[in-house]
1. Quick one: Asp166 ticks every box in (1) over 21 Å from Ser202 (Cα atoms); (2) modelled with pLDDT under 90; (3) in a helix (DSSP H, G or I) bar one, so which box is it?
2. Name the pairs: first residue in segment 203-231 and small (Gly, Ala, Ser), second residue surrounded by fewer than 16 Cβ atoms within 10 Å (Cβ to Cβ) and part of a helix (DSSP H, G or I), Cβ to Cβ under 8 Å, at least 6 apart or on different chains?
Amino acid sequence: MKKAIYAYTALLAVLLIFLNACRHEALFPVDGGGGGGTGGGGTVSGNPCSPDTAYFVNDVMPIIASNCAMSGCHDNVTHADGVRLTTYTQVMNYVIAGNAANSKLYKEIIKTGSERMPPAPMPALTTSQKTVIQKWINQGAKNNSCAGRCDTAVFTYSGAIKPLMDNKCTGCHNPSNLGGSVDVSTYNGVKTIAINGKLIGSITHQPGFSPMPKNAAKMSDCEITQVQKWIAAGTPNN
């Protein structure tokens, strides 16, 4: 009888160790499908990237986090005009899945002049960024992600580093919004924090550095490798 109890206890311990070892942190908080009754749905996954698909985690949320959900605007603390845009469900309150033209989120970002979002003097979203958000909404506004789009063999400033900064960092770190007194809207600004160690410290979430990007998924291992390779190559403006 004692042998049976010992055997059962040992088996239970092994199972607990196994279950704990299999827990993984999601790329971005998954908060249960479509929000606000607007549809959407889908979940975060590791599916291979399709060039014809816009992904919430990879493409859309970094733009929103950097340009809309930062401190002073639509984060959970400030929530200007009562709007919060830090999670998929919150974003979906302003989206009609499959219908970008009638989605408040899209209508706000394509406004011009004094009504545009982000408001001046913040930089306006680029045509490419607006197109990505429009495409994502029209494709069903899913809470989706993909893996494999990044290529560590590409680590030039124009081909890898600037796009990363534009989509994930510039909204919070530009001359009109100098978060942490950091400007990554120009090559020289990025080079400065690359040389002094702030860039790598922040994107790898090292102790003593503010984790970046805020309110969005950590950069992938591939993206971090691209930055590391660019720095190791001497931070060229190539």
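1. Every condition holds for Asp166 apart from (1).
2. From segment 203-231, the pairs are Ser210/Gly180.
The values are calculated or read from the model by the stated rules, or taken from the named source; none is laboratory data. Model, not experiment: these values are computed from the prediction. Quick reminder, even Gly has a Cβ in these numbers, built from the backbone with ideal geometry, and neighbours come from all protein chains shown.
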